[in-house]
Amino acid sequence: MTRTGTTAPTARRTGIGRLRGWGGVAAMAAACVLTALIALLPLQGAGGSALPESGSADTPRAEQARAEECKEPERSLPASGADGPTIKEIKTRKDKPNKLIVGVDQNSYRWGYRNPSTGKLEGFDIDLARAIAKDILGDPDDIIFRAVPTNQRVPAIQSGQVDMVVRTMTINCERLKDVAFSTAYFETGQQLLVPEDSKIKGYDETLAGKKLCTAAGSTALSELEKQAYGADISTTVPNQLDCLVRLQLGDVDAVVTDSALAAGQAAQDPTVSLAGKPFTKEYYGVAMSKKAPDLVRRVNRILEDYRKDDWDKSYKDWLADDLKDIDGPPAPKYQD
């Protein structure tokens, strides 16, 4: 797969200056409508009701304790190539047999986005999801993609709407209370995305009095709730891309998100840039149900092979232009 040179469905501000006020509203109309249609709507359950909020009162106490005490959340179950009960169910279920149902993003440029020229989903996460489908079911096209907003990733897994989520999802101890993760497949960190003329220098005192945007349920929001340096963090959105739209319209002063995602957005829009350095160290993992340890082990086995060649190819195809000095995928860590 090669890059097409197209952008994700958001406005690109080439030659028109910063989009503010009524002029920006007109130019952003298409992007806002598209965002409302595919990013703001909550994922619906089979009965048509919205998925439940993140968290589960039924999580076993032992699992809760492990999550609360964990120091290296990126440690996962040892890898196995066996077909366990979850995988057998995926292959034989009455509804959509032999199809892997994967929650993804369709708005994150170079990670998971719909190419407007072809209508197909493309990106680094999409490549990985297809590799998992190929190993489990024999064909990378034996897959059903479901667009999942940031704040619905955990509910989508818990409700069984998806078999897994491959969507720039940070592994952390809090999320381990609700879902299981594979070993890490990418290292990142929280960073700020600002207009080119911004006085914000990074995650420091220059944030005082500034209005920030984050995605609800994101690691960025959790970190800012601990320390915001006097910034206003009341602006949250269902999908991280909506923050870029608000930044373009001048409604907020900065976006806080994963550096990997921010780099993709800066590639879309040359009038914004990354400020400062990442202020956290995080890892992306494939999220799955806590009731599917066999699937977690199988994905970990797939990742062992994927790291050898396919990871680097996908990185060069999608990310190398904007995320430089990446040595390779993080080494897997397993539970004892």
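The values are calculated or read from the model by the stated rules, or taken from the named source; none is laboratory data. Everything numeric in this text was worked out from a predicted model, so none of it was measured. Neighbour counts run over all protein chains shown; Cβ positions are idealised from the backbone, glycine included. Side chains included, ligands, DNA and RNA excluded: accessible areas come from the protein's heavy atoms. Shrake-Rupley method; radii C 1.70, N 1.55, O 1.52, S 1.80 Å.
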Subject >> By average C-beta atoms within 10 angstrom, highest first, the peptides 162-173, 263-274 >> reply: 162-173, 263-274
**OP:** Obtain the nm distance between the two label points defined at THR118 and LYS91 by a simple spin-label model: each point lies 7 Å from its Cα along the Cα-to-C-beta direction.
**Re:** 2.9 nm
**OP:** Taking 7 Å along the Cα-to-C-beta vector as the label spot, tell me the SER80-LYS277 distance in nanometres, rounded to one decimal.
**Re:** 4.2 nm
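What Kirkwood Rh does region 190-275 have if only Cα atoms enter the pairwise 1/r average? Answer in Å. Intermediate results must be reported in sequence, preceding the final value.
Values: mean 1/r = 0.0812 Å⁻¹.
Evaluated on region 190-275, it is 12.3 Å.
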**OP:** First measure r as the distance between the Cβ atoms of LYS211 and ASP305, then evaluate 1/(1 + (r/R0)^6) with R0 = 51 Å and state the FRET efficiency to the nearest 0.05.
**Re:** 0.70
**OP:** Kindly rank 175-183, 97-105, 240-248 from highest to lowest mean number of other beta carbons found within 10 Å of each residue.
**Re:** 240-248, 175-183, 97-105
Original post:
So for region 190-275: antiparallel DSSP bridges make up what percent, rounded to the nearest 5?
Top reply: 55 percent
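Going through the cross-link list LYS177/LYS226; LYS91/LYS324; LYS201/LYS333; LYS177/LYS281; LYS201/LYS308; LYS211/LYS281, which pairs have a Cα-Cα distance over 30 Å in this structure?
Listed pairs above 30 Å: LYS91/LYS324; LYS201/LYS333; LYS201/LYS308.
Kindly report the accessible area of region 190-275 per residue (heavy atoms of protein chains, probe 1.4 Å, no ligands, DNA or RNA), in Å².
Working: 2950 Å² over 86 residues.
In whole numbers, region 190-275 has 34 Å² accessible per residue.
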Original post:
Considering amide H positions built from the backbone, and no H for Pro or chain starts, which residues 5 or more places from GLN190, or on another chain, come under 5 Å of its amide H?
Top reply: SER259, PHE279, THR280
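Quick check: residue separation of LYS71 and LYS201 times 0.36 nm, minus the Cα distance between them. What number comes out in nm?
Contour length minus the Cα-Cα distance gives 43.8 nm.
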